[in-house]
Amino acid sequence: MRLDKFLCTCTGLTRIQAKRVIGKGHVKVDGVVEKDQKVKINDSHEVVYDGRRLRFSGPRYIMLNKPDGAVCTSLDDDYRSIFDLFDIERVEDLMIAGRLDVDTTGLVLITDDGKWSHQITSPKKHCRKRYYAVLAEPVTDDVAQQFSEGVMLKGEKQPTLPAELEILSPKEVLLTIHEGKYHQVKRMFGAVNNRVVELHREQVGEILLDEELAPGEWRYLTQQEVDSVNHS
Ligand code: URA
């Protein structure tokens, strides 16, 4: 976020007032007077206005490109937590809108807005998630049809909701599901005698993983991305 916008958000100043106080040298970023209103600010910066530390207020919405080998919980004896990847304040307020397995990579949405998170995770909302999967065996022709009709997973009482399978090559597929059962994608392929060897989430609702983000990197969502969840 630009420094002038950040100032407006945190203080209630108008954009013109913010530009004026920045221009007059009333604002320091990381201990140094900053007169460029366009400079980009994120949570790791310490912004001080007339001696007062300013903090991001309001809910935060984040996308992370989850790396392999990180867990979507705060504590784990064997793996590092995705929360260790955030150099951000009040990490303890953040929640994950749909976890991934430790060996799954890709798009994880993180927020401190419980209602927003619920729109994604509630089983009633049928929020779609698209995964790229590499399989152990070539996918057979009938699998797309089976997934579109729903398959029975071990231990479940209901078949899976209709899901869309796109075959990219004999062992590479895109699968879009509209629910989030435990290990769902892996179990779906298990149900058709195949096995997932690589899994990567590309999309949740309308939100696509930003290709600019390397594994382990994150960014704030744009307003349009945030709104896409509320309006879906
Ligand atoms: N389905 C899985 O099997 N694993 C994930 O991490 C996400 C969906």
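Couple of notes before you dig in:
- Convex hull of Cα atoms in region 3-54, direction-averaged projection (nm²): 2.9
- The gain in end-to-end length when the Gln119 to Asp210 segment is fully stretched comes to 30.7 nm, 0.36 nm per residue minus the alpha carbon separation.
- Both the radius of gyration and Dmax for region 111-232 are 15.3, 43 Å, in that order, over alpha-carbon atoms.
- For the peptides 31-44, 102-115, residues were scored by their other Cβ atoms within 10 Å and the scores averaged per peptide; the highest-first order is 102-115, 31-44.
- Using the Karplus relation 6.51 cos²θ - 1.76 cosθ + 1.60 with θ = phi - 60°, the per-residue 3J(HN,Hα) values for region 156-172 come to 9, 8, 10, x, 5, 5, x, 10, 10, 10, 10, 8, 8, 7, x, 10, 10 Hz, with x marking Gly and Pro.
- Annotation: amide H-H contacts under 5 Å for Phe86 (H modelled 1.01 Å from N, sequence separation of 5 or more, or interchain): none.
- 222 nm mean residue ellipticity, helices alone, for the chain (DSSP H n ≥ 4; -39,500 (n - 2.57); rounded to 500): -5500 deg cm²/dmol
- All lysines inside 22 Å of Lys115 as judged from Cα atoms, apart from same-chain residues fewer than 8 positions distant: Lys124, Lys125, Lys129, Lys181
- For the chain, a simple Cβ point-charge model (Lys and Arg +1, Asp and Glu -1, everything else neutral) yields a dipole of about 1120 debye relative to the Cα centre.
- Of all accessible heavy-atom area on the chain, the percent that carbon and sulfur account for (1.4 Å): 48
- Accessible area per residue in Å² at 1.4 Å probe, computed on the chain: 55
- The chain - Debye-derived log10 I(q)/I(0), Cα point model, q = 0.08, 0.12, 0.16, 0.17 Å⁻¹: -0.38, -0.74, -1.11, -1.21
The values are calculated or read from the model by the stated rules, or taken from the named source; none is laboratory data. All of these numbers come straight from a predicted model, not from anything done at the bench. Every residue, glycine among them, receives a Cβ derived from its backbone with ideal geometry; neighbour counts consider all protein chains shown. Just the protein is used for accessible areas: all its heavy atoms, side chains included, with ligands, DNA and RNA removed. Shrake-Rupley method; radii C 1.70, N 1.55, O 1.52, S 1.80 Å.
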